[in-house]
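The values are calculated or read from the model by the stated rules, or taken from the named source; none is laboratory data. Computed from a prediction, not measured in an experiment: that's the story for all the values here. Note: ideal-geometry Cβ built from the backbone for every residue, glycine included; neighbour counts use all protein chains shown.
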Amino acid sequence: MERHKVVIREVGELDASILEVFRALELEDLKKKRVLVKPNMLRPAYPEERVVTDPRLIAATVSYLVSAGAVVTVGDNPMPDGRFQHETEIAEYCGFIRASGNTFRNIGKYPQKVMRPKNLLKEFYVSREILDCDLLISLPKFKSHELTTMTVAVKNHFGIIPGGFKPYIHSLFPSIKEFSEVLVEIYETRPADIIIVDCIDVVDAKGKRHRPGVIVAGDNGHAVDYVCAGMAGINPLQVPTINIAIEKGLFNPAAIDCVGSFPRIRGFSVPFSFPFRNSIVELVSRILYRIWLGRVPVIDSAACARCCSCENVCPSRALKGQQIDYSKCIKCYCCLEVCPNRAVKLKFKVL
C-alpha cells in the first residue's frame, strides 16, 4: 500500500519550517529545475483578510527554492475583477509581488487546451506554465467553502484554469457532486508535486479569526485535504472531493502518516448544513454564474493600437482585427492580459 506522508510544522521560524518540510518529503534535488509556485490568489485581498495565501509563506518558499538552485516562477489565475486589468495588479494588491521578488509572472496569457474525453469535463484550458514546469508547488489557503465545505489543495488547483473560464465551468456543473468531481479531474490533470498549506492565520465561515500557526505539507493533495478537514474538526467525508478521491482510488485514508503534532482548531465553523441546503446553494450558484457569464471582452477602438497582441494570443481564434466572434470566445480573458493599451474592457453584453 502506498503511504501518504503529511507533515505539520509550527511556523515560529518560517524559513526553518520550510526547510524541514522539503527534507521530510525528500524533495531536495532542485538545481536547475523549473518550479512553478501556485499560491491562492482568489481575488484582490489584503493579507490580513486571511483569504489569500500569506505572503510570508510565498517569500519563505521562494527563498528556499532559489537558494537550492531552482528556476522559480510564481503565478496564479484569479477571478477577473473590473478594478484591475492584469494579474500582476491583483498580485500587487495581495502583497505577492514583493513576496516573490522578481519571480512573479502573469500565467494567464497563454492557455493550453486539454482534452479528456472520458471525464465529465471533456475539454478545458489551463495555463501553459502548469504543464511545462518540472515541479509544481501548491500553496493553498486553509479555508471553508460554500460548495465544497473546505477549500485546500484540490480546490486551489481550480486556479490553473485561466480567467473567466472558471465561472463557465461552474455554470456547466452547478451540482455540488458534479462540480467536485470536475475539481478532482482538474487536479489529476497535473497534480502538485508538493503542497504546503497556509494554516498560519485563518478565518472560518462565520468570519471568526483563528491562529493555528502551522503549515501542513504533503505530496498527495487528497491526503493533505483529509488531514486539514480533521484539523477543522469536521468529518473529512463531509468534503465531497475527498469522497470522490477515495472512490477513484486516488488515496487511502488508512495510509496517511502524520509527522508532527496534529492541532485541532477549536470553534472553526464551516458552512451550515440544513435540509435542502445543497439544492438551494446549487440554484443560487447557477443564477450567479449565469449573470457573471454576461461579462464579455469588448475592444475600445479609440484606444486600440492595432498591435494584434490580443489576436495572436487568443486560443480559440475568436479575434480578428477589432472584431470578436462571441460564438467562439471562451472568456479566458487573455486579450485583457496582453493588451498594452488597456483597450480591452469587460462589459455586460446581451449576445
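It is to be established whether one or more residues within the stretch 181-198 are crowded, with 21+ Cβ neighbours inside 10 Å and of a type in the set (Ser, Thr, Tyr).
Yes, the stretch 181-198 contains at least one residue that is crowded, with 21+ Cβ neighbours inside 10 Å and of a type in the set (Ser, Thr, Tyr).
Residues of the stretch 301-316 being aliphatic (A, V, I, L, M) and either within 23 Å of the chain's Cα centre (by Cα) or surrounded by 13 or more Cβ atoms within 10 Å (Cβ to Cβ) (or both), which ones?
Hit for the stretch 301-316 is 313, nothing else.
Scan the stretch 24-57 residue by residue and report those that are at pLDDT 95 or above, under 16 Å from residue 99 (Cα atoms) and surrounded by fewer than 22 Cβ atoms within 10 Å (Cβ to Cβ).
55, 56
Is at least one residue of the stretch 219-226 among the hydroxyl-bearing types (Ser, Thr, Tyr), in the same structural domain as residue 56 (by TED's automatic domain parsing), modelled with pLDDT of 95 or more and crowded, with 19+ Cβ neighbours inside 10 Å?
Looking through the stretch 219-226, at least one residue is among the hydroxyl-bearing types (Ser, Thr, Tyr), in the same structural domain as residue 56 (by TED's automatic domain parsing), modelled with pLDDT of 95 or more and crowded, with 19+ Cβ neighbours inside 10 Å.
Identify all residues within the stretch 227-246 that are surrounded by fewer than 21 Cβ atoms within 10 Å (Cβ to Cβ) and in a loop (DSSP other than H, G, I, E, B); write none if there are none.
233, 234, 235
This table checks each residue for (1) modelled with pLDDT of 95 or more; (2) among the charged types (D, E, K, R).
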{"site": "140", "(1), (2)": "yes, no"}
{"site": "145", "(1), (2)": "no, no"}
{"site": "148", "(1), (2)": "no, no"}
{"site": "166", "(1), (2)": "no, yes"}
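Could you pull out the residue among 27, 42 that is in contact (Cβ under 8 Å) with a residue 12 or more places away in the chain, over 28 Å from residue 331 (Cα atoms) and not charged (D, E, K, R)?
Just one listed residue meets the conditions, 27.
Report the residue count in the stretch 118-135 for those that are farther than 16 Å from residue 314 by Cβ, charged (D, E, K, R) and either in a helix (DSSP H, G or I) or touching a strand residue (DSSP E or B) at 6+ places or on another chain (Cβ under 6 Å) (or both).
4
In the stretch 181-206, what residues are assigned to a loop (DSSP other than H, G, I, E, B), out of contact with any Phe, Trp or Tyr (no Cβ under 9 Å at 6 or more places or on another chain) and among the aliphatic types (A, V, I, L, M)?
192
Quick one: count up the residues across the stretch 152-165 that are touching a Pro at 6+ places or on another chain (Cβ under 9 Å) and either assigned to a helix (DSSP H, G or I) or over 25 Å from residue 336 (Cβ atoms) (or both).
The total comes to 8.
Any chance the stretch 79-100 includes a residue that's over 21 Å from the mean Cα position of the chain (by Cα) and on the phi > 0 side of the Ramachandran plot?
No - not one qualifying residue is present in the stretch 79-100.
Can you name the residue in the stretch 111-170 that is β-branched (Val, Ile, Thr) and closer than 20 Å to residue 202 by Cα and is also surrounded by the most Cβ atoms within 10 Å (Cβ to Cβ) among such residues?
By that ranking, first place goes to 152.
Considering only residues of the stretch 317-341 that are among the charged types (D, E, K, R) and under 24 Å from the mean Cα position of the chain (by Cα), which is nearest to residue 302 (Cα to Cα)?
337
Give all pairs with beta carbons closer than 6 Å in which a residue from the stretch 114-131 that is within 16 Å of residue 78 (Cα to Cα) meets a residue that is assigned to a helix (DSSP H, G or I); count only pairs at least 6 apart in sequence or on separate chains.
From the stretch 114-131, the pairs are 125/165; 126/160; 127/160; 130/160.
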